[in-house]
Amino acid sequence: MNLDFSQLVPYIPFMLKGIWTTIQFVIVSIIVGSILGTLLALFKIGTVKPLRWFADAYTSIFRGTPLILQLMIIYYSVPQLTGYDINAFTSAVLAFGLNSSAYISEIIRAGIQAVDKGQMEAAQALGIPYRAMMKDIILPQALKNILPALMNEFITLTKESAIVSTIGYLDLMRRAQVVGSDLFRNFEPLLFVGFIYWCMVMVLTVIGRMIERRLKLSD
């Protein structure tokens, strides 16, 4: 095996900058996906049929098509239709946020429906408004049930973030490709950023377990 990691040393600072670049858009995407996913979940369990139809159609489209296709449409096709260019960061946030919201909505919907119906009936009997009931009673209980699934979605989102390299966004994967092209050696930089991705996923896993443990102690 002809491996030489010493050639990577001058490029390490360049590749390490990709950590913050990746985390930055992943965090924003998670926030967008969580907010929109919560709204979609409430639409799905609500009584307004047009909103339920919209939420179901939205989920079907974004779960039924490849993420990379959605990214390409936003980055290349939307400017063609609107005449306005969208930068790589915005395209990445939109594609990952919209895609993630479809999965998060299903996770939250399942979590809400898993809460004992008696909780909702008791709240209604006490005259608690629907919004306050969901915010203060139902959603906190559902969160405890869906936390592992949510953390898994965030981990998946972090790993799939490498797809944005296809539109030239200078994330970890794209920086590894740049270094590989410069050195005419691809295995070493790819292995290096692969290790970084693994570390990021392990950190998320540990954080998820800590939060889950704390929620169990609060029961």
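Restricting to region 159-190, and then to whatever is among the acidic types (Asp, Glu) and out of contact with any Gly (no Cβ under 6 Å at 6 or more places or on another chain), can you tell me which residue is farthest from Asn2 (Cα to Cα)? Don't jump to the end; show me each part of the working.
Just the residues of region 159-190 that are among the acidic types (Asp, Glu), to begin with: 160, 171, 182, 188.
Keeping just the survivors that are out of contact with any Gly (no Cβ under 6 Å at 6 or more places or on another chain) gives 160, 182, 188.
Details: Glu160: 29, Asp182: 17, Glu188: 10 Å.
Of everything passing the filter in region 159-190, Glu160 is farthest from Asn2 (Cα to Cα).
Which residue, of Ile108, Ile104, Ile45, is more than 18 Å from Leu157 (Cβ to Cβ) and touching a residue at least 40 places away in the same chain (Cβ under 8 Å)?
Values: Ile108 fails: more than 18 Å from Leu157 (Cβ to Cβ); Ile104 fails: more than 18 Å from Leu157 (Cβ to Cβ).
Result: Ile45 is the single residue among Ile108, Ile104, Ile45 that is more than 18 Å from Leu157 (Cβ to Cβ) and touching a residue at least 40 places away in the same chain (Cβ under 8 Å).
Can you pull out every residue in region 198-219 that is in contact (Cβ under 8 Å) with a residue 60 or more places away in the chain and of a type in the set (Val, Ile, Thr)?
Of everything in region 198-219, just one residue is in contact (Cβ under 8 Å) with a residue 60 or more places away in the chain and of a type in the set (Val, Ile, Thr), namely Ile211.
Here is a check on your reading of the model: is Lys144 at pLDDT below 85 and in contact with a Leu (Cβ under 7 Å, 6 or more places away or on another chain)?
Yes; evaluated as a whole, the condition is true for this residue.
Test Leu204 against the stated conditions and say whether it is assigned to a helix (DSSP H, G or I), among the aliphatic types (A, V, I, L, M) and closer than 19 Å to Ile23 by Cβ.
Working: assigned to a helix (DSSP H, G or I): yes; among the aliphatic types (A, V, I, L, M): yes; closer than 19 Å to Ile23 by Cβ: yes.
Judged against the criteria, Leu204 is a match.
For region 128-191, which fully contained helices (runs of 4 or more DSSP H) count at least 3 residues that are of a type in the set (A, V, I, L, M, F, W, C)?
Working: elements: 130-133, 139-160, 172-183.
Once the helices (runs of 4 or more DSSP H) in region 128-191 are filtered for at least 3 residues that are of a type in the set (A, V, I, L, M, F, W, C), what remains is 139-160, 172-183.
Consider region 112-127. How many of its residues are free of Cβ contacts under 8 Å to residues at least 60 places away in the same chain, surrounded by 15 or more Cβ atoms within 10 Å (Cβ to Cβ) and in a helix (DSSP H, G or I)?
So the first thing to find is which residues in region 112-127 are free of Cβ contacts under 8 Å to residues at least 60 places away in the same chain, and the list is 114-127.
With the extra rule that they be surrounded by 15 or more Cβ atoms within 10 Å (Cβ to Cβ), the set shrinks to 115, 120, 123.
Now drop any that are not in a helix (DSSP H, G or I), which leaves 120, 123.
Count: 2.
Please indicate, with yes or no, whether at least one residue in region 1-14 is within 24 Å of the chain's Cα centre (by Cα) and hydrophobic (A, V, I, L, M, F, W, C).
Within region 1-14, the subset within 24 Å of the chain's Cα centre (by Cα) is none.
Within region 1-14, not a single residue is within 24 Å of the chain's Cα centre (by Cα) and hydrophobic (A, V, I, L, M, F, W, C).
So for region 158-168 (the condition being at pLDDT below 90 and within 21 Å of Thr21 (Cβ to Cβ)), does at least one residue qualify? Explain how you work it out, then say what you get.
Quick first cut of region 158-168, residues at pLDDT below 90 only: 168.
Right, trim to within 21 Å of Thr21 (Cβ to Cβ) and you get 168.
Checked region 158-168: at least one residue is at pLDDT below 90 and within 21 Å of Thr21 (Cβ to Cβ).
Restricting attention to region 152-195, and to residues there that are surrounded by fewer than 20 Cβ atoms within 10 Å (Cβ to Cβ), over 25 Å from Ser101 (Cβ atoms) and of a type in the set (Gly, Ala, Ser), which single residue is nearest to the chain's Cα centre (by Cα)?
The residue in question is Gly194.
Can you name the residue in region 25-39 that is among the aliphatic types (A, V, I, L, M) and over 11 Å from the mean Cα position of the chain (by Cα) and is also surrounded by the fewest Cβ atoms within 10 Å (Cβ to Cβ) among such residues? Give the derivation first.
Restricting attention to region 25-39, the residues satisfying the condition of being among the aliphatic types (A, V, I, L, M) are 26-28, 30-32, 35-36, 39.
In the following step, the residues that additionally are over 11 Å from the mean Cα position of the chain (by Cα) were identified as 35-36, 39.
Values: Ile35: 13, Leu36: 18, Leu39: 15.
Applying the filter and picking the extreme gives Ile35.
Run down Ile73, Ile104 and say which single residue is modelled with pLDDT of 90 or more, β-branched (Val, Ile, Thr) and over 17 Å from Gly168 (Cβ atoms). Walk me through it before giving the result.
Numbers: Ile73 fails: over 17 Å from Gly168 (Cβ atoms).
Within the list Ile73, Ile104, the selection yields Ile104.
Looking at (1) within 20 Å of the chain's Cα centre (by Cα); (2) free of Cβ contacts under 8 Å to residues at least 60 places away in the same chain; (3) surrounded by fewer than 16 Cβ atoms within 10 Å (Cβ to Cβ), which is the only condition Leu143 fails?
Only one criterion is unmet by Leu143, namely (2).
Restricting attention to region 55-93, report how many residues are loosely packed, with under 14 Cβ neighbours inside 10 Å and in a loop (DSSP other than H, G, I, E, B).
Restricting attention to region 55-93, the residues satisfying the condition of being loosely packed, with under 14 Cβ neighbours inside 10 Å are 57, 60-61, 63-66, 69, 76-77, 79-85, 87.
From what's left, in a loop (DSSP other than H, G, I, E, B): 65-66, 83-85, 87.
Residues in region 55-93 being loosely packed, with under 14 Cβ neighbours inside 10 Å and in a loop (DSSP other than H, G, I, E, B): 6 in total.
The values are calculated or read from the model by the stated rules, or taken from the named source; none is laboratory data. Everything numeric here is computed off the predicted structure, so don't read it as measured data. Note that we place each Cβ from the backbone using ideal geometry, even for glycine, and neighbour counts take in every protein chain shown.
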